[in-house]
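Okay, so here's the structure we're looking at.
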Amino acid sequence: MSNAFNYDSAIHHIEKRSALSEELRASVDQLQAQSGTRAQWIDHHRFAGEAQFWVQVHEALLRAVSQLPLRCTELLLVLDEPEARKKHITQFTQLASQFIHHAHTHQHVVEHQFLPIIRRDFPELQHHLDLLNGDHRILTEGLDQLESAVQSLSAARGETDQSKQSALAATANALYATAKRVDALFCRHTADEEEICIPALLQMRV
């Protein structure tokens, strides 16, 4: 594997890639030859524990983030109904805030607890971990944008001035676009993070 790693290239950037590059895939396949493929992880003697918990956290995050665009769509349908709008904004704010908190917490644990150990034990995964760290920067940016959009919408929750309805609709549409982006980011990232890290976790010394 070459020494240079360009995260922003089309084969690596989270918003450009559709899977791990062939170069990165080769090392992952070698690890999976020892730990088993995704379908075989559950039968590995070390899966029950941190590896399983990692996958379960991802599943919970993906369930939550997938709801955000759907809830935005529901909100857009009731913008002209003050009481229904207020209720939907309150519910959306709670769901989004919980997701953002749990996503940041998970990223912190991965970056500070697991990735340094994987980097120590698996030198062949250096670029893979560079990729995940690059993803985390983009994810953090997306989460911050989502939080800002949620705050803007929440501030207008009780707005009754009809002259501000178009601004409210624009805010809700921007939130929908941000929610769709964050959903796509997490779908791509969690799949690749598991492909890289779970086989390593099943083998590494903690």
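Descriptive notes on the structure:
- Approximate spin-label separation Met204-Ala10, in nm, with each point projected 7 Å along Cα-to-Cβ: 3.2
- The Rg/Rh ratio of the range 22-201, with both radii computed over alpha carbons and Rh defined as the Kirkwood radius, is 1.09.
- Cross-link partners of Lys87 among aspartates and glutamates (Cα-Cα below 15 Å; sequence separation of 8 or more within a chain): Glu74, Glu159
- Local electrostatic count, Glu74, Cβ distance below 11 Å [Lys/Arg +1, Asp/Glu -1]: +3
- Positive dipole terminus of the chain, leading residue within Gln98, Ile42, Ile11 (C-beta point charges): Gln98
- Degrees separating the helix 82-109 axis from the principal Cα axis of the chain, which is the longest one: 20
- The order of the peptides 173-181, 99-107, 190-198 by mean Cβ neighbours within 10 Å, most packed first, is 190-198, 173-181, 99-107.
- About the Cα centre, charge dipole magnitude for the chain (Lys/Arg +1, Asp/Glu -1 at Cβ), debye: 300
- Computed on the chain, with alpha-carbon pairs under 8 angstrom and 6+ residues apart, the relative contact order is 37 percent.
- Helical contribution to [θ] at 222 nm, DSSP H n ≥ 4, -39,500 (n - 2.57), averaged over the chain, rounded to 500: -24500 deg cm²/dmol
- Each label was represented as a point 7 Å from its Cα along the Cα-to-Cβ direction; for Ala155 and Thr90 these points are 2.1 nm apart.
- Using the Cβ-Cβ distance between Asp80 and Glu147 with R0 = 22 Å, the FRET efficiency computed as 1/(1 + (r/R0)^6) comes to roughly 0.25.
- Helix 165-201 vs. the chain, principal-axis angle (Cα, 0 to 90°, nearest 10): 10
- Under Karplus coefficients 6.51, -1.76 and 1.60, residue-wise ³J(HN,Hα) of the range 32-47 in Hz, glycine/proline x: 5, 5, 9, 9, x, 7, 3, 5, 9, 4, 4, 8, 6, 5, 9, 5
Read-outs: derived from the displayed coordinates by stated rules, not from any lab. Because the structure is a prediction, the values reported are computed rather than measured. We place every Cβ from the backbone using ideal geometry, glycine too, and count neighbours over all the protein chains shown.
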